[in-house]
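Reading through the structure tokens given below for one structure.
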Amino acid sequence: PTTIRLLGPKFISYLQTNFGAKIYFNTLIPFEDGLIKYGVISTSDLMADLENWTTLYVSGRLHKPVNILEQDQSLPELRLGLASNLTSALHASLLGLPEKFTPEELYLQLAGLSYSGDLRMLVGEDKNKVQNIVSAQMSLFEGLYDKRLKVLFSDSLHFHNGTYTQDKSDSSKLHHLQNLPSSLIELMLGKSKSAVIEDLLPSKNELLNKSSASDGLDPKLQEVLRESISTIVQRSSTPQALK
């Protein structure tokens, strides 16, 4: 950070907004009895990531429980963006899960979204990082997502004896697809031959009439979803690690 600072604010701004996850970190900052790091990101880039998953870097961190110290109340769009990001994470995670799963399996799926495709998970990072995050914060994950699950998925998701059962019909999958961020849909379109996914791109808010699910839904939908998320993470996290 010291060397970068010597190059001036214009260079730092250019580096921040054109490479990696569009966030600049200052690390090893003395604070009280320890060290902290902090990141700086523009409001427009933050909103783009929350709503469209352009990098899944900051938005992915916010899929996990965090302590928001202060929030600008003059930006109601930020509050909506934070909520939209959590809802998108649920739609993506439910698409990637089987018909029956436990709360822990759901939280592992949610927490793992932003690590899929991250090269640091192959070199240097603890291979049990996602499991450790979830195991230590089960109650916090529940507090973050439980109410949202009950409100948004009351008709398609049921909880009994410690297990969730979800509707895995094609219409339910289409509903999840329609509510995925646009950057993810675009990537899925490039990796899938699904006519349904193609039709979702120009108008995600309107379910286009299809004669039957076999006409469109890709049988490898989960694989396409996983690969697309990994692509978003990899193309932002790799250059970000070099900044």
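None of the figures in this text is laboratory data; all of them are computed from the coordinates on show. Keep in mind it's a predicted model, so treat the numbers as computed, not measured. Positions of Cβ are generated from backbone atoms using ideal geometry, with glycine treated the same way; all protein chains shown enter the neighbour counts.
What the table shows:
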quantity: Given charges at beta-carbon only (K, R positive; D, E negative), |dipole| of segment 77-178 in Debye; calculated: 100 debye
quantity: Virtual spin-label span in nm between Gln131 and Ile29, 7 Å along Cα→Cβ; calculated: 3.4 nm
quantity: Selected from Leu82, Tyr164, Val151, residue furthest toward positive end of dipole (segment 70-173; charges at beta carbon); calculated: Tyr164
quantity: Share of Cα-Cα pairs in segment 124-194 lying beyond 17 Å, as whole percent; calculated: 64 percent
quantity: Per-peptide average of other Cβ atoms within 10 Å, ordering 226-232, 159-165, 68-74, 147-153 highest first; calculated: 226-232, 147-153, 159-165, 68-74
quantity: Spatial extent of segment 42-107: Rg and Dmax, with the Cα atoms as the point set, Å; calculated: 13.3, 42
